[in-house]
Every structure is written in C-alpha cells, then in structure tokens.
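All remarks here apply to the structure that follows.
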Amino acid sequence: MWFKQLSFYRLSGDAIPDVTQLTDALEKRPFQHCSGLDWFSEGWVAPAGHQESPVYSARGCQLVALKREDKVLPASVIREFVDAKVAEIEDKELRKVGRKEKLALKEQITDDLLPRAFVRSNRLSAYLDGRRQWLMVNSATASKSEALVSQLREALPPFPAALPRTQLAPHAAMTAWLAEGEAPAGFELDAECELKDGSENGAVIRCTRMDLTADEIRQHIATGKQVTRVGLIWRERIRFVLTDALQLKRLQFLDVLQEEASQAGDDRDSLFEATFTLMVEELGELVDELVEALGGLEEAQAAAPAKPQPAVATAEAVVAGEVDVPWDE
C-alpha cells in the first residue's frame, strides 16, 4: 500500500468525479489479458486483491489501479527467425532475398511469434484527493504517470489534471536551500543531492551520505551549478528525494507511521484501511507544505474551486480510535 514514488497533478475542483461516477466509468474499461496479435493491453483492476470494485474510497480519497500487460518479444529473437527463413529460401531457390521480401517475412514471423510470446505485467496505483484537489500517482516516471492520466481522461472526459506550476522553480528553490544550508520549515536536509552545470554537456555532481551543509556543496553552487535533486526529511515522518521535475523518489514512510498503521488491527481489511488512511493524510500534508515552500501554486491553478468535502479528523485520531469516521463504502 505504501507508495514508493510520487508524481502529483492538480485537479480542477468542478471536474473531480464522485465515487459513483468514477466506479461506473472504470467498470466499463476493465483489464483484459493481452492476447492474439496485441502487443499490450491495459485496463482497471481492483486496487487490492481482497476487493472487487475498481475504486476503493475512504475519507474523501479514491484509490484506483491500472494494470498493463506487454508482450515480450525481443528484436534479436525476431531477427534470428528471419535470418533462418532467409537462409532457407536462398538455399532452396538459389536466389537472394530482397529488402522488401525481408520486411514482409519479418511482419509474418512477428505475427506468428506474438501469440506465443511471454507477457510482462505491472500495476500502477493512484488516488484522487478531492479535498486537497490532487491526483497522486505511485510513480516518478513521467511516461507511466501520463499513461494513467490519459486512461482517466478517456474514461471520464475531459478529466482536467495538470502538472502543478509553482511560483518558484524547484531547481531554483533547491539550489537556494543548499546555498543557505537550511531547508524550509517542516523539512530538513538529508544526505544526498545532485548538482548540474547549466552549460551544454555540463558536469554532474552526485553526492551521497554527505553533509549537505558542507562548504564543498556551496562551492559547487558558487561556480554556477544548480541542484536538480535533493534528499529531504519531512517532519521526521517521511524521507524522500525531490527532483527538479517536482517528483518525489524513494519515498520512505518512517517507523512512526508504520507503527501507527499496525495498531489498527491484525486482519487484512483493517490494516489496508488504516494504511491507506495514514498514507493519504501524510502525503496530502507533505505535498501541501512542499508546494507552499515553493511559493505556492501559480494563480490560475490555486484559484480552482474545490467541491465541498465533509470534515475529517486527523489520521492519528482515527487509528487510535478516538473518533468515528463514516468510511465510504
């Protein structure tokens, strides 16, 4: 359940679907296995093995999962079959096989091999936070995140989700933090960073297990290098690496959160619910504070109205059993 990476998108408040709308839309686009001459297939599946609905909803957040299967048919295998077929024709018919004929043979052999190819599958989870107006995707790979957003747009057109635009560019803010030797309030510098020279084919400096307040780091910045990623710890609860594309890599939920989730119960449903509840609350606060540290969103994105959401209690209070929360079904 715990996300390992994070890309997040700003949602337009008047276009965020409710649970019923989202469920109906995704049920019409279920995952089907890749078969025949298809190179890949993708569709929506239940977010967890013990569930049936393609949407899991709790505390104003809707968890979804996109599954994809890809045929694994290396070019070297196709080439080997083509070469063997070409050699067979040339030996039997005593003639050279031309380029066009080779291309035709390649297409025919590919079609013959595809149904027998191995299949590689993967799942990508994401959730919609209607209260905070974020789409959170468990990936720091732009192509994978965009593929999930595209599938949501096809299921719920127009589904306007856009990458956040902050007042301060992430690379400029991160460079300033290291130049000053101090992270913004709520964050602390961890022990790794990457600096790049802005010139073409410029130098790249990667530092790990290093004090980021050291003079050596500031010297690199003084020579014109800019920070493209930096390790941060948020309120001693989450460790991550922030990139200049505003992505969070190597998310690590620290022990205090793991312990809070484990106290919810031993059965699968209770643990899943508690883990999801804690994760969305913590990631939501983290992203909000990170955006604030970058000067806030640009005016056009910040002004988007949000749908009214019911008041919610803190994740800690819910797990501790101090309050009752009307969980969505």
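The values are calculated or read from the model by the stated rules, or taken from the named source; none is laboratory data. Given the structure is predicted, the values throughout are model-derived calculations rather than measurements. All Cβ positions, even for glycine, are placed from backbone atoms using ideal geometry, and neighbour counts span all protein chains on display. All accessible areas refer to the heavy atoms of the entire protein, side chains included, with ligands and DNA or RNA removed. Shrake-Rupley method; radii C 1.70, N 1.55, O 1.52, S 1.80 Å.
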> Near Lys249, which aspartates and glutamates are there with a Cα under 14 Å away, not counting those fewer than 8 places off in the same chain?
Replying inline: Asp190, Glu192, Glu194
> Highest mean first, what order results for 52-59, 247-254 on Cβ atoms within 10 Å?
Replying inline: 52-59, 247-254
> What accessible area per residue comes out for the chain, rounded to a whole number of Å², with a 1.4 Å probe?
Replying inline: 52
> Pick from Thr166, Thr223, Thr277: which is most flexible by mean-square fluctuation in a GNM of the chain where alpha carbon atoms under 10 Å apart are linked?
Replying inline: Thr223
>> Taking every pair of distinct Cα atoms and averaging 1/r, then inverting, what Kirkwood hydrodynamic radius in Å comes out for region 197-252?
In response: 12.6
> Which one of Gln108, Leu152, Tyr127 is farthest out on the positive end of the charge dipole of region 80-176, using unit charges on Cβ (Lys, Arg +1; Asp, Glu -1) and the Cα centre as origin?
Replying inline: Tyr127
>> I'd like the distance between the alpha-carbon centres of region 64-118 and region 178-234, rounded to an integer number of Å.
In response: 49
> Using 0.36 nm per residue, how much length does the chain from Thr213 to Arg153 gain when fully extended, once their Cα-Cα distance is taken away?
Replying inline: 17.2 nm
> Can you list residues whose amide H is under 5 Å from Gly130's amide H, if they're 5+ apart or on another chain and H is modeled 1.01 Å from N?
Replying inline: Gln62
>> Kirkwood Rh and Cα-based Rg: tell me the resulting Rg over Rh for region 1-47, rounded to two decimals.
In response: 1.07
>> As I understand it, the value is the acute angle between the Cα axis of helix 75-93 and the longest principal axis of the Cα atoms of the chain; what does it come to in degrees, rounded to 10?
In response: 10
>> Could you derive backbone 3J(HN,Hα) for region 108-122 from the dihedral phi with the Karplus parameters 6.51, -1.76 and 1.60 (θ = phi - 60°), listing whole Hz in sequence and x where the residue is Gly or Pro?
In response: 5, 5, 4, 4, 6, 7, 3, x, 9, 6, 5, 10, 10, 10, 8
> What percentage of the solvent-accessible surface of region 67-123, computed with a 1.4 Å probe over protein heavy atoms, is contributed by carbon and sulfur atoms?
Replying inline: 52
>> Output needed: percent of Cα pairs per 5 Å distance bin for region 1-133, bins running from 0 to the one holding the longest distance.
In response: 2, 9, 14, 14, 12, 10, 7, 7, 7, 6, 5, 4, 2, 1, 0
> When the dipole is taken about the Cα centre of region 7-154, and only Lys, Arg (+1) and Asp, Glu (-1) are charged at their Cβ, what size is it in debye, to the nearest 20?
Replying inline: 400
> What is the Cα radius of gyration of the chain over 2.2 N^0.38 Å, N being its residue count?
Replying inline: 1.24
> Could you give P(r) for region 74-199, binned at 5 Å from zero, as whole percent values over all Cα-Cα pairs?
Replying inline: 2, 7, 11, 10, 9, 9, 9, 9, 8, 8, 7, 6, 3, 2, 1, 0
> What order do you get for 172-184, 70-82 when each peptide is scored by the mean count of other beta carbon atoms within 10 Å, highest first?
Replying inline: 172-184, 70-82
> Rounded, prolate or oblate: which one fits region 196-290, using the alpha carbon gyration tensor with axes a ≥ b ≥ c (rounded when a/c is under 1.5, else prolate when a/b beats b/c, else oblate)?
Replying inline: prolate
> In region 132-229, carbon and sulfur make up what percent of the accessible area (probe 1.4 Å)?
Replying inline: 48
> Mind listing the phi-derived Karplus ³J(HN,Hα) values for region 279-290, rounded to whole Hz, using 6.51, -1.76 and 1.60 with θ = phi - 60°, and x for any glycine or proline?
Replying inline: 4, 5, 5, 5, 5, x, 5, 4, 5, 4, 6, 5
> Rounded to a whole number, what % of the accessible area of region 15-64 do carbon and sulfur atoms account for, probe 1.4 Å?
Replying inline: 49
